[in-house]
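Take a look at the structure set out below.
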Amino acid sequence: MTTVALLGTGRMGGAIARRLAASGFDLTVWDRTPAKTKALNVGRVAPTPAEAIRGADIVISSLTNAAAVREVYLGPQGAFETPAGMENLFVEMSTAGPESIEELSREARTRGLRLLEAPVLGSVPAVESGTLAVLVGGSPQDLAQARPVLERLGEIHYVGGFGSAARLKLVANTMLGITSAAAAELLAAGTAAGLDREQVFWALVRFVPALKAREAGFIRGQHEPTMFAVHDLVKDLGLALDVYERANAAVPLTREARALFAETASESNDLDISAIVNAYSSGNRGPQNAEPLRKER
């Protein structure tokens with residue numbers, strides 16, 4: 001039986017742990033907040049990342065940001081403090097940007113360890129149904145070993161070398177941010193023009209079917225349970241802008257989307273990203289107070 005260690009049991013990590021446990025994998029879990037691991041009631045609970053990975057064939061991490069990734073892998077009692085001769089395969093699934101995974105890959109190579117990057121497209125419902133898109137960067141040989149585990153989470157899409165999957169994930173989340181902001185704007189504009197809000201949403205879903213999953217938020221203002229928190233998207237759009245700026249790419253829509261979500265985060269930080277509708281409620285934004293798109297260099 002394949003043994004799996006799961007580092008990080010937040011919203012996504014916890015869902016991954018439940019999915020893998022239900023799929024019959026021998027599971028050990030760790031989180032910096034022990035109450036989260038205990039509440040899952042799956043697998044064995046380890047006190048540190050270093051302890052969690054002992055005896056694990058596959059080590060998966062799903063963490064908050066680049067600082068958390070660095071601490072969990074390279075800090076005291078971190079996952080990379082693995083004894084010589086251990087054959088763990090590390091699979092880093094966090095959305096922490098390409099620089100984070102590139103640093104981790106250099107450390108892994110120096111220490112003679114094996115690593116894959118595997119950020120995912122999709123939220124908790126996709127984990128639960130096994131329909132994530134798993135973007136993989138790294139060695140195809142290592143992917144072959146991880147495949148039986150990753151396939152329980154969703155469809156595998158091999159991207160290339162380290163950092164490529166992280167960049168593609170940021171492009172995808174940029175699209176999510178832009179389309180969500182556009183939907184909020186057009187719902188407000190359409191209803192202001194005298195149309196029924198549900199009719200406007202129906203038309204938008206024809207072009208962006210993924211909006212349907214957030215109908216309760218966009219139509220009825222129900223932004224919980226959170227599938228993807230506003231603050232997480234603000235973080236991701238910031239990472240994306242860093243990538244695009246280094247590439248000297250023109251991204252005015254990305255800048256505007258991040259500004260809108262940052263504005264939304266001031267009051268709806270932990271709510272689902274459908275809360276972007278609040279940026280257009282009660283006249284919060286409009287021709288008289290909307291900032292023009294910044295010109296790109």
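Structural remarks
Here's the yes/no breakdown for (1) surrounded by fewer than 20 Cβ atoms within 10 Å (Cβ to Cβ); (2) in contact with a strand residue (DSSP E or B) (Cβ under 8 Å, 6 or more places away or on another chain):
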{"residue": "157", "(1), (2)": "yes, yes"}
{"residue": "166", "(1), (2)": "no, yes"}
{"residue": "181", "(1), (2)": "no, no"}
{"residue": "185", "(1), (2)": "yes, no"}
{"residue": "209", "(1), (2)": "yes, no"}
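Conditions (1) more than 19 Å from residue 52 (Cβ to Cβ); (2) open to solvent by less than 40 Å² (accessible area, probe 1.4 Å); (3) among the small types (Gly, Ala, Ser); (4) modelled with pLDDT of 95 or more, marked per residue:
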| position | (1), (2), (3), (4) |
| --- | --- |
| 100 | yes, yes, yes, yes |
| 105 | yes, yes, yes, yes |
| 119 | yes, yes, no, yes |
| 130 | yes, yes, yes, yes |
| 135 | yes, yes, no, yes |
| 144 | yes, no, yes, yes |
| 148 | yes, no, no, yes |
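- Unique match (being out of contact with any Ser or Thr (no Cβ under 7 Å at 6 or more places or on another chain) and touching a residue at least 60 places away in the same chain (Cβ under 8 Å)) among 128, 151: 128
- Complete set of residues in the stretch 47-75 that are over 22 Å from the mean Cα position of the chain (by Cα), within 24 Å of residue 96 (Cα to Cα) and touching a residue at least 24 places away in the same chain (Cβ under 8 Å): 48, 50, 51, 52, 53, 56, 57
- For the stretch 216-236, a residue qualifies if it is among the charged types (D, E, K, R) and either farther than 20 Å from residue 173 by Cβ or open to solvent by 80 Å² or more (accessible area, probe 1.4 Å) (or both), and the qualifying residues are 220, 224.
- Residue selected from the stretch 22-41 under the condition closer than 17 Å to residue 69 by Cα and touching a strand residue (DSSP E or B) at 6+ places or on another chain (Cβ under 7 Å), by the criterion surrounded by the fewest Cβ atoms within 10 Å (Cβ to Cβ): 29
The values are calculated or read from the model by the stated rules, or taken from the named source; none is laboratory data. Everything quoted here is computed from the prediction, not taken from an experiment. All Cβ positions, even for glycine, are placed from backbone atoms using ideal geometry, and neighbour counts span all protein chains on display. Each accessible area value is taken on the protein alone, full model and side chains, heavy atoms only, with ligands, DNA and RNA left out. Shrake-Rupley method; radii C 1.70, N 1.55, O 1.52, S 1.80 Å.
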